[in-house]
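Take a look at the structure below.
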Amino acid sequence: MITESKLLDRKILRHGHTIDQSLLWLVVLMLGFSLVMVYSASVAFAGQGGGNKWAFLIRQAAYIAVGGGAAWVAFRVPMRTWQKYSMVLLVISLLMLIAVLLVGRDVNGARRWIPLGVANLQPSEFFKLAVILYLSGFFMRRAEVLQHLKKVCWVALPVGCGLGLIMLQPDFGSFVVVSVISVGLLFLVGLPFRWFIVVVLAGLSGMVTLGLISPYRMARVTAFLDPWADPLGSGYQLTHALMAIGRGGWTGVGLGAGLEKRFYLPEAHTDFITAVIGEEFGFLGMMLLTACYLWLVWRSFSIGKMARDLEQFFGAFVASGVGIWLGIQSFFNIGVNIGLLPTKGLTLPLVSYGGSAAVVMLVSMALLLRVDYENRRKMRGYKVEG
């Protein structure tokens, strides 16, 4: 427990802000950068055949506006309310995962989106946040179950059902992200090391098995090991991503001057937007972007640690879960673009084009700011239920 003397020594008490201004403005700057890069990466594709070259930029701006409104509402809701309805949100997200299999839109053999007319809803994005809230709420109430592996399995049953539904879409990238979030929270909450090893080994075995029994996933692994063996087939995406990054050099060719986004690099405004950034801003630009994500992850865990010291345990788990999510998804996206990992359908948080991803990530950032807000209120002597 944090002592009163240490609490009074915190710099945060001598500062007038009620939320973390640096965190807020970094998110705003990254959203502005997202608009610039989405336009740059999509202008050729959107404008072909006389189309509206501003189309993806306008949509992304609309998604950010909706996400900003949702984030404002989420920030106004106390963390104790999120904890109270965490199970309800998980059930809703599971129903959405079932619905996408029944009425979802089929794109390249994957059924991941529910068409809503003006936009498409991707339930797996909402499930990621729901899992963080569910596990945080459960660990807050029943931490003693961690001493028994059988009870841990029962806790993980709803998450396992969701992972199974995600694999039926299929969406291996989201499967891995949710698995890492769950295992990471189990580690942070104090799961005995022997059970933690069992959970990790079981998860890795499942991922390897899913890769071995799926021909297209094996093709991705083969292409990842040697993309130049089939540069016009299975290695097409990775080879063009590597050529884009290589062409960028140290400082890049300049904003808008990239060539790979001009009908060479598939999904340039979504999964491979990092390659476009590497080509136009170079190695230094990619390092600056990576530093932004590292800072966001570090700040998430710092807020979580502060909440733990103040005995706001639900907020601590939520902040840590958001940090794990940001870290692992940005690592996977950047890793895929530089050839460090096999190709996965994961966007770059806060930057890539996407409706559901943008809205859910902004809500997650709002929850992170809410945890920080409640931390500051409690340190100033206000009563905060947690």
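Numbers below:
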| read-out | value |
| --- | --- |
| Residue order, fewest to most beta carbons within 10 Å, for ASP230, ASP309, ASP372, ASP20 | ASP230, ASP309, ASP20, ASP372 |
| Calculated [θ] (222 nm, deg cm²/dmol) that DSSP helices of n ≥ 4 give over the chain, each run adding -39,500 (n - 2.57) | -23500 deg cm²/dmol |
| Region 49-121 versus region 322-386: alpha-carbon centroid distance in Å | 15 |
| Ordering of 314-321, 250-257, 170-177 by burial proxy (mean other Cβ atoms within 10 Å per residue, highest first) | 314-321, 170-177, 250-257 |
| Mean Cβ neighbour count within 10 Å, used as a protection proxy, ranking 344-354, 36-46, 271-281 highest first | 271-281, 344-354, 36-46 |
| Relative contact order of the chain, defined on C-alpha pairs under 8 angstrom at six or more residues apart (%) | 26 |
| Extreme residue, positive dipole direction of region 4-379, given options GLN122, THR81, VAL221 (C-beta unit charges) | THR81 |
| Mean Cβ count within 10 Å, highest first, over the residues of peptides 360-369, 86-95 | 360-369, 86-95 |
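No lab work stands behind these numbers, since they all come straight from the coordinates. Quantities reported herein were computed from a predicted structural model and do not represent experimental measurements. Glycine also receives a Cβ, built like all others from the backbone with ideal geometry; neighbour counts cover every protein chain displayed.
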